[in-house]
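Read the structure below first, then the notes.
The values are calculated or read from the model by the stated rules, or taken from the named source; none is laboratory data. Keep in mind it's a predicted model, so treat the numbers as computed, not measured. Note that each Cβ is placed from the backbone with ideal geometry, even for glycine, and that neighbours are counted across all protein chains shown.
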Amino acid sequence: MRIRVKPRTSALRILCIDGGGANAGVPLAALKALDERLGLPFPIQYHFDILYGTSSGAISAWGLALGLSVQDCIVLVDTMAKHTFQGRDVSAFPLGRTSVGQRLLRGVITLLTDSKYSSANLETALKAVFGEARMLSDWTIANEMGLHVGFPVVTAEDTATLVVANDGGTGDPEDAVAQIARDHRGTLVIDDVAYQDGGMTYNNPSALALAAARSQCPEKPNPGLFLSFGTGVGRMTERSSRSVTDLSGTVGGRVQKRKKRSWLRVVHRSSVGRVCGAFMRQNDSNREFERVCQHIRGGHCFRFDPEHDGPQPNLDDIADLQGRQRRAEAAASSAPEIRAAASCILAQRFYFELDSIPHYSNGMYHCSGGLHCDFEPGSPEQTALLHRFDQAAASFQLGSQIFPGPFLRRATRQSDSTLVRRVIFSVRTKQTEFSIEIQERPDESVGISGSPFTIDRLVQLQGLDDWFGGGYE
């Protein structure tokens, strides 16, 4: 069994996947493009510490936690969408033999059951992949990766949001929930409390993931990498389609502007329409990510939410699933934020540690330390990553100092060590910030995990001033 230990000076890395019903394959297609840009022979989920998803995004997250590849997760969510969003079979009723009668009967059944689709199909598909009775703490692969996985649920009674995660129990059967069932709507009921889709409050789970990160490591409030994927937005319509200016008729030299009128515009301008519109804008996933990033200092935050070829598809629209995914993957392959995210992911695999408390002389603090790779020493992952940087003739930079490779040969000399390069430098004060960056391409330098640093911060994180072991509770 492999156990990954998070280095004390490295920052956390977060991946979030929005909910989107049948569009669940869209963020996964973009994630696949990112994985291909990285070009490393191991799963992309190895690069993250915290993985959160909502609704269909939660299914994707748990698939990744189970060790599935991104492509296997795409197949999984597509299969579930096709099974889940099937109209109820009403052909046994005489009225159900016509298309109009089918719509009428299904509408009546929806009103009576408070559910448009049966949950049985989704539940059958979930059990086929995740098993009949998998406990939340029974995620060996996720635990080996050191991956914290979670998703939100909402209570049906008062819409309170709770997070279900894989580190909330001990694995003892006594910790398992006692009473689990479903009510007539297919709503999950645990100990007589009904829960529903977390997308009602946190369709973008970024805020919950950040809270989980700060709860896990309060001494590291700012993640080094925050990556969020959306299920796509509808194509923006031209402003001219919303209003038409007639240049042929003028009154007193003024242009008469005639706007298209429709019942939909009347609804949008009503009080109910304005309230609903404000609510939708408040819960906009892209705005939510922007709000979350405002509370992060110095981290690398990336959000990819592709534009659909037309209006945003409905949550139950299972037509052209592969087409949407192909367009999302193509857009992500050329997107600058995906390229930047890939560079950041690779840089976050490296961290810096001081050898000891720096000594002060001649007005400067003289420091010595090591640049480390956070993969296990001698592991296939470490070998592949260092080989990639050696092939690219990459180098580390600290101010005007350059520390070139090769790095794989250094790591091979000490096969039991994560050390890839020794570093010696000086700074004026303990609060002076210094950045260590890795340069894989001549035009791009990216800070390593935890950068920028200060001496005070490194001493605190490493516990170098805890003479009696206070830093190791």
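A few comments on the model shown:
- Pairs meeting the criteria (first residue in segment 199-224 and assigned by TED's automatic domain parsing to the domain that holds His47, second residue buried (at least 17 other Cβ atoms within 10 Å of the Cβ) and among the acidic types (Asp, Glu), beta carbons under 7 Å, at least 6 apart or on different chains) are Asn203/Asp18; Asn204/Asp18; Asn204/Glu288; Ser206/Glu288; Ala207/Glu288.
- The condition (being out of contact with any Ser or Thr (no Cβ under 7 Å at 6 or more places or on another chain), among the aromatic types (Phe, Trp, Tyr) and surrounded by fewer than 21 Cβ atoms within 10 Å (Cβ to Cβ)) is satisfied by just one residue among Tyr360, Tyr365: Tyr360.
- Check on Thr432, of a type outside the set (Phe, Trp, Tyr), at pLDDT 95 or above and in contact with a helix residue (DSSP H, G or I) (Cβ under 9 Å, 6 or more places away or on another chain): yes
- Taking (1) within 21 Å of the chain's Cα centre (by Cα); (2) buried (at least 17 other Cβ atoms within 10 Å of the Cβ); (3) modelled with pLDDT under 70 in turn, His148 satisfies each apart from (3).
- Filtering segment 428-440 for residues that are crowded, with 19+ Cβ neighbours inside 10 Å, closer than 18 Å to Arg457 by Cα and among the β-branched types (Val, Ile, Thr) leaves a non-empty set.
- Qualifying residues in segment 117-145 (those that are modelled with pLDDT under 75 and in contact with a strand residue (DSSP E or B) (Cβ under 8 Å, 6 or more places away or on another chain)) - the one surrounded by the most Cβ atoms within 10 Å (Cβ to Cβ): Trp139
- Scan of segment 23-45 for residues that are more than 16 Å from Ala61 (Cβ to Cβ), assigned to a helix (DSSP H, G or I) and not hydrophobic (A, V, I, L, M, F, W, C), ordered by number: Glu36, Arg37
- Unmet requirement for Asp355, which otherwise passes all of (1) in the same structural domain as Ser435 (by TED's automatic domain parsing); (2) of a type outside the set (Gly, Ala, Ser); (3) within 23 Å of Leu227 (Cα to Cα): (3)
- Checking each residue in segment 312-357 for being of a type outside the set (Gly, Ala, Ser), closer than 30 Å to Gln431 by Cβ and assigned to a helix (DSSP H, G or I) picks out Cys344, Ile345, Leu346.
- For segment 36-67, residues that are crowded, with 21+ Cβ neighbours inside 10 Å, in contact with a helix residue (DSSP H, G or I) (Cβ under 6 Å, 6 or more places away or on another chain) and of a type outside the set (A, V, I, L, M, F, W, C) total 9.
- Every condition in (1) of a type in the set (S, T, N, Q); (2) in contact with a His (Cβ under 8 Å, 6 or more places away or on another chain); (3) not assigned by TED's automatic domain parsing to the domain that holds Asp456 holds for Gln325 except the one numbered (2).
- Taken over segment 353-374, residues that are without any contact (Cβ under 8 Å) to a residue 12 or more places away in the chain and among the β-branched types (Val, Ile, Thr) amount to 0.
- Conditions (1) more than 26 Å from Arg37 (Cα to Cα); (2) in the same structural domain as Ile44 (by TED's automatic domain parsing); (3) part of a strand (DSSP E or B): number failed by Tyr360: (2)
- Among all positions in segment 318-330, there is no residue which is under 25 Å from the mean Cα position of the chain (by Cα) and at pLDDT below 90.
- Of all residues assigned to segment 403-418, at least one qualifies as being in contact (Cβ under 8 Å) with a residue 12 or more places away in the chain and in contact with a Gly (Cβ under 6 Å, 6 or more places away or on another chain).
- None of Leu188, Leu162 is touching a Phe, Trp or Tyr at 6+ places or on another chain (Cβ under 9 Å), at pLDDT 75 or above and outside the structural domain of Gly87 (by TED's automatic domain parsing) except Leu162.
- Flag if Leu346 is more than 25 Å from Ala30 (Cα to Cα), of a type outside the set (Asp, Glu), touching a residue at least 40 places away in the same chain (Cβ under 8 Å) and in contact with a Leu (Cβ under 9 Å, 6 or more places away or on another chain): no
- Residue match in segment 375-394 (condition: under 29 Å from the mean Cα position of the chain (by Cα), closer than 26 Å to Met145 by Cα and without any contact (Cβ under 8 Å) to a residue 12 or more places away in the chain): yes
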